[in-house]
Amino acid sequence: TALAVVFAVLFVFSAVNLFLTIADYRQAENLYNDVQEQYVSIRTTESSALQNTEKPKEELISVDFEGLLSANPDVVGWVRIPDTKIDFPLMQGQDNDFYLTHQFDKSPSRAGCLFVDMVNDAAFSDPNTIIYGHYTKDRSMFYELRGYKQQDFFDAHPTGWLITPSAAYKLQFFSGYVSDVYGNAWDTDFTEKDYAEWLTARKTKSVFAA
């Protein structure tokens, strides 16, 4: 009987926790949808790089950073990978803990935010800028990065966008692999020679061919 009671309590606790997690993710999804609609505009244009008759479509992204920064001064950029759910503001707090459990509006949330490591320059001038994001159960945030374990996913999503208050960068993905927490994927301080060697090592580790 005692064992049955323990199992019943554990089941109720797990069910409540799952419900709260799903509710949290849904609230976060609604918030970020609102943020995207309010502060980001995206249009497509034909690329002029090719002269063939069927020119590929290319995105043009405009972000209202004045509005974003007014809503939250911790915003340092916006990251987007077309045709995925990765389309979020990037935050940078005073530590690497706050945005693990808080949304863009600083309300508590299991979904958290995408955020830049506190040691990195907010202007993305460092040789290696670390961006954190949860692997969420609702397949939002950075969940879809797992797709880069497969060549066909990379072939369909070889580029992304990093928009900052001062510049728009088209990201060319050149390497993807799973690193443990003690790996040198997290290094941020390099000499010029060390950085060249580090980049070569990232390329060698990649599970897809760029």
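Contact annotation: residue pairs with Cβ atoms under 7 Å, 6 or more positions apart or on different chains, pairing a residue in region 97-113 that is aromatic (Phe, Trp, Tyr) with a partner that is assigned to a loop (DSSP other than H, G, I, E, B), are Tyr99/Gly93; Tyr99/Gly112; Tyr99/Cys113; Phe104/Asn72; Phe104/Cys113.
Is there a residue in region 56-69 that is assigned to a loop (DSSP other than H, G, I, E, B), modelled with pLDDT under 80 and either more than 18 Å from the chain's Cα centre (by Cα) or not polar (S, T, N, Q) (or both)? Checked region 56-69: at least one residue is assigned to a loop (DSSP other than H, G, I, E, B), modelled with pLDDT under 80 and either more than 18 Å from the chain's Cα centre (by Cα) or not polar (S, T, N, Q) (or both). In region 107-120, the qualifying residues are those that are at pLDDT below 95 and not aliphatic (A, V, I, L, M), and the one that is surrounded by the most Cβ atoms within 10 Å (Cβ to Cβ) is Cys113.
For the condition in contact (Cβ under 8 Å) with a residue 24 or more places away in the chain and surrounded by 15 or more Cβ atoms within 10 Å (Cβ to Cβ), Tyr195 does not qualify. The residue that is farthest from Tyr143 (Cα to Cα), among those in region 70-93 that are hydrophobic (A, V, I, L, M, F, W, C) and part of a loop (DSSP other than H, G, I, E, B), is Ile81. Just one of the listed residues (Tyr143, Tyr148) is among the aromatic types (Phe, Trp, Tyr), touching a Gly at 6+ places or on another chain (Cβ under 7 Å) and closer than 27 Å to Tyr177 by Cβ, and it is Tyr148. Pairs needed: first member in region 123-150, under 17 Å from Asp87 (Cβ atoms); second member anywhere, at pLDDT 95 or above and small (Gly, Ala, Ser); C-beta distance under 8 Å; at least 6 residues apart or different chains. What qualifies is Leu145/Gly176; Tyr148/Gly176. Residues that are of a type in the set (S, T, N, Q) and at pLDDT below 95 within region 173-195 comprise Ser179, Asn184, Thr188, Thr191, listed in sequence order. Can you name every residue in region 142-182 that is part of a loop (DSSP other than H, G, I, E, B), of a type outside the set (Ser, Thr, Tyr) and out of contact with any helix residue (DSSP H, G or I) (no Cβ under 9 Å at 6 or more places or on another chain)? Scanning region 142-182 gives Phe142, Gln150, Pro158, Ala167, Asp180, Val181.
Scanning region 90-103 for residues that are open to solvent by less than 10 Å² (accessible area, probe 1.4 Å) and either among the hydrophobic types (A, V, I, L, M, F, W, C) or within 17 Å of Leu145 (Cβ to Cβ) (or both) returns Leu90, Met91. Within region 72-87, residues that are closer than 11 Å to Ile61 by Cβ have Cβ atoms under 8 Å from residues that are outside any strand (DSSP E or B) and open to solvent by 30 Å² or more (accessible area, probe 1.4 Å) in these pairs: Asp87/Gln36, counting only partners at least 6 apart in sequence or on another chain.
The criterion of being without any contact (Cβ under 8 Å) to a residue 60 or more places away in the chain and open to solvent by less than 60 Å² (accessible area, probe 1.4 Å) holds for Phe173. For region 64-89, the tally of residues that are closer than 17 Å to Lys170 by Cα and open to solvent by less than 60 Å² (accessible area, probe 1.4 Å) stands at 12.
Can you work out which of the residues in region 123-137 that are buried (at least 17 other Cβ atoms within 10 Å of the Cβ), assigned to a loop (DSSP other than H, G, I, E, B) and on the phi < 0 side of the Ramachandran plot is modelled with the lowest pLDDT? The extreme case among them is Thr136.
The values are calculated or read from the model by the stated rules, or taken from the named source; none is laboratory data. Small disclaimer: the values here were computed from a predicted structure and weren't measured. Here the Cβ is made from the backbone with ideal geometry for all residues, glycine too, and neighbour counts use every protein chain on show. Just so you know, the surface numbers come from the protein's heavy atoms only, side chains and all, with ligands and any DNA or RNA stripped out. Shrake-Rupley method; radii C 1.70, N 1.55, O 1.52, S 1.80 Å.
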